Amino acid sequence: MTVLEDRPVAIAPTEVAPMAAAPDRRRWLILGVLTLAQLMVVLDATVVNIALPVAQHALGFSDGGRQWVVTAYALAFGSLLLLGGRLSDVFGRRTVLLVGVAGFAVASAVGGFATTYTMLVVARAAQGVFGALLAPAALAMLTTTFTDDKERAKAFGIFGAVAGAGSGVGLLLGGALTEYASWRWCLNVNIVVAVMAIAGVFALIPHDRPNLRSPLDLPGTATVTAGLVGIVYGFAHADSAGWTDPITLACLVAGVALVGAFVAIERRVSNPLLPMRVVLNRTRGGAYVAFSLLGIGMFGTFLFLTYYLQSTLGFSPVKSGLAFLPMIGALLVSANVATAVLEPRFSTRSIMATGMGLAAVGVVLLTGIGVTTSYGTHVVPGLVVAGLGFGMVFAPGMNAATRGVLDSDAGVASAMMNVTQQVGGSIGTALLNTVATSAAASFVTSHAPSTSLVAQAAVHSYAVAFWCVAGIFAAGAVITGLLLDGKDTTVSPEDVRSRQLVGVG
């Protein structure tokens, strides 16, 4: 685990601080509106999962169809995020945010009142499309609303805590709505949240006029969208069909090749969808890598711990959701402590690397689960330690991922953070499911038949998956420590040159 190091106070002579505008008097109310909008997106990554068995019974679709209710959302959301981020830069964050929130609400209503399986899947895909507009616009608006370093850290602490805890809250909310209301409310609840968010946007957030009205990079947009679809679908298909399936291999190879072509295009076009200066900055690039590893590990942890709680310990959906509360509480506390207390004293590199290390320790504690072990002694300690680690990565990482960018790049820089986490989640779900399945099969073949063999094999597979997650987090601690700039420079030399070209700074 990395030890926290002192943050240098001086700024190098070659660095130029961004021009600060007068802070908006209503900025903390704006933060509340943006957090509310973001909450819809992060909730929907998990809130529907618990309701799937009930929805399947109601609409009469097959077990194989359950995956598409989840994959349709992930495909649309993950593949269109960069486009959504650039649209917010070109057409204005307020406009794109409103379109995203309103569209998300309409798509949720269609899904909530779905009468057929096809209707539900189309609605989930539409949620992903509008979520890809909403998420980067909200984070970019947060980036440009808070210009003071101390206030920015506090704002990102709150926003990051909600974003990090949203998946766990989704499990709790999904269980409660499914058990006490209807599975349809897992989707319809977004209508209520959206109405509140839209009212807040109209009341509090002024129109923003983008400085740059550049044409969209159509070749780059088409290439990266197709590439991300190939990668996300390839991993989702591997989860059910296997890694050697021709469709899996074709999608993954084509996806990686298209992303490579996208990078080549972006280095040559005059108005790139993703300017390379956004990702080549050490602090931002390191934050993106950290979020991809965090996505792999967090999605895997939630997945297998939910299996263990419900299949082995016999928890109900509501009780399973409540079981994640210790992690959510720890994450909320550490996210705010990391930005309000630690960031003024230590470098982001130290905080995030230490957070990754804590997450690794927490997941190692979860490897001690057994068929007869209790939730209080073998799950809670791991959840608390992992939650503390997640909070130390989420909030400082979101700040680092958007720090020092031009206002005209804030949307796409925010989108990159969401892209890396979404792709990481897809990788984690598919890869760790394969590892767990293989571990369970090996356990069964190497042990004598007994009445508890299947249960023991399942728990063994979860423990193996947790060991893999712990290794990923440990690698993340090392990689974060190496990639992030320990000086925490606000603006890199590449950013300085970009500001000079557009007449800023």
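A short reminder: the numbers here are calculations on the coordinates, not readings from a lab. Being a predicted model, the structure only gives us computed values, none of them experimental. So basically every Cβ, Gly included, is an ideal-geometry build from the backbone, and we count neighbours across all protein chains shown.
Rounded to the nearest angstrom and ordered from largest down, what semi-axes does the equivalent ellipsoid of segment 236-288 get from its C-alpha gyration tensor (root of 5λ)? If you can, show how the numbers build up before the last one.
Working: eigenvalues 177, 46, 9 Å².
Sorted largest first and rounded, they come to 30, 15, 7 Å.
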Item to check | Degrees separating the helix 47-59 axis from the principal Cα axis of the chain, which is the longest one | outcome: 50 degrees
Checklist entry - For segment 129-182, treating each Cα as an identical point scatterer without solvent, what Debye log10 I(q)/I(0) comes out at q = 0.24 1/Å? => result -0.94
Next on the checklist: Which three extents, in angstrom, do the Cα atoms of segment 74-119 have along their principal axes, listed largest first?
Outcome noted: 38, 20, 9
Checklist entry - Using θ = phi - 60° and the Karplus form 6.51 cos²θ - 1.76 cosθ + 1.60, what ³J(HN,Hα) does each residue of segment 323-336 get, whole Hz, x for Gly and Pro? => result 5, 8, 4, x, 5, 4, x, 5, 5, 4, 5, 5, 4, 6
Next on the checklist: Against the 2.2 N^0.38 Å scaling, with N counting residues, where does the chain land? I'd like the Cα-based Rg ratio to two decimal places.
Outcome noted: 0.94
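Order the peptides 166-172, 289-295 from the highest to the lowest mean number of other Cβ atoms within 10 Å of their residues. It would help to have the intermediate numbers written out before the result.
Values: 166-172: 23.7, 289-295: 25.3.
Final packing ranking: 289-295, 166-172.
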Item to check | Cα-based helix-to-principal-axis angle, 493-502 vs the chain, degrees rounded to 10 | outcome: 50 degrees
Checklist entry - To one decimal place, what Kirkwood hydrodynamic radius in Å is obtained for segment 102-217 from all pairs of distinct Cα atoms? => result 16.4 Å
Checklist outcome for this item: Measuring from the longest principal axis of the C-alpha atoms of the chain, the long axis of helix 348-366 (C-alpha) lies at a number of degrees, nearest 10, equal to 0 degrees
Checklist entry - Among residues other than VAL110 whose Cβ falls under 15 Å from its Cβ, what is the net charge (Lys/Arg +1, Asp/Glu -1)? => result +1
Item to check | Ordering of 135-147, 309-321 by burial proxy (mean other Cβ atoms within 10 Å per residue, highest first) | outcome: 135-147, 309-321
